[in-house]
Amino acid sequence: MRDLFRVAFRPPLLLAAALGYTAYLQNPRDPLRPTDLPDGVGPVTQRLYRVDVQGAALDAAAVTALVGQRLPDLAPKVTAWFRGLDAPLPSQGGPPIRPGTRLRILLTFTRRARVQMQVMEPTRLRLRTLRLHADAGTVTFRALDTGPGALRLEIETVVRAASWPDRAAYLLAAHLFQRLNWQAVLTGAAHLSGGQVAARDHRTREYAYVPPAAR
């Protein structure tokens, strides 16, 4: 009888625990706290996406300024649907995106996420994750003038998974959606420049996280 009880009630209990933990991931404590590598789990994942552009009408600084305001619109909604957190997006009549601007994202229509614009420099932008995100770390956009009408555009992500379920989701499918998302953003940035993509590159590296105090 005891064994029958265990068999009958273990699956519902496991399902309830899984649903409860999923609900916690979607509603963590202090959801808008900025996070970095120490806040994640597992290895550090560093991904670099790159496109070389020919025939650009704008230089690196002009493209970076446009991407800084248009990045939420360049990402495909199926992979990352951006909206303003504290105000509407510039394309919706809201104020310009500035350092400190917070954005909300729906990742693949299933996972809520929050990020904050941290750095806006002439040829570099950086987004930092907030606690309500599947990752902990940064996303950096860079633009470089490589010749007359030629640009190199890059997006680099340096993150750890925010939780072990998020790590499992990354290994199963999320890494593919991430790649589609950031490659689409770079393609959109190339079009904003007035040029065409001449070459693409993508690299992924994972390495063990070493806490700062242990270095």
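Residues in segment 29-64 that are small (Gly, Ala, Ser) and under 19 Å from the mean Cα position of the chain (by Cα): 2 in all.
Meeting the requirement of 1 or more residues that are of a type in the set (Asp, Glu) and open to solvent by less than 50 Å² (accessible area, probe 1.4 Å), the strands (runs of 3 or more DSSP E) wholly within segment 54-162 are 135-147, 150-161. Any residue at all in segment 89-108 that's among the aliphatic types (A, V, I, L, M), within 20 Å of THR204 (Cβ to Cβ) and either modelled with pLDDT of 95 or more or touching a Pro at 6+ places or on another chain (Cβ under 6 Å) (or both)? So far as segment 89-108 goes, yes, one or more of its residues are among the aliphatic types (A, V, I, L, M), within 20 Å of THR204 (Cβ to Cβ) and either modelled with pLDDT of 95 or more or touching a Pro at 6+ places or on another chain (Cβ under 6 Å) (or both). Here segment 163-205 is the region considered, the condition is being among the β-branched types (Val, Ile, Thr) and in a strand (DSSP E or B), and the residue that is surrounded by the most Cβ atoms within 10 Å (Cβ to Cβ) is VAL197.
On inspection, GLY42 qualifies as within 24 Å of THR129 (Cα to Cα), among the small types (Gly, Ala, Ser) and touching a residue at least 60 places away in the same chain (Cβ under 8 Å). Out of ALA161, ALA198, ALA150, one residue alone is modelled with pLDDT of 95 or more and either within 20 Å of the chain's Cα centre (by Cα) or among the polar types (S, T, N, Q) (or both). It is ALA161.
The values are calculated or read from the model by the stated rules, or taken from the named source; none is laboratory data. Just so it is clear, the structure is predicted and the values come from calculations on it, not from any experiment. So basically every Cβ, Gly included, is an ideal-geometry build from the backbone, and we count neighbours across all protein chains shown. The accessibility values were calculated without ligands, DNA or RNA, using every heavy atom of the protein model including side chains. Shrake-Rupley method; radii C 1.70, N 1.55, O 1.52, S 1.80 Å.
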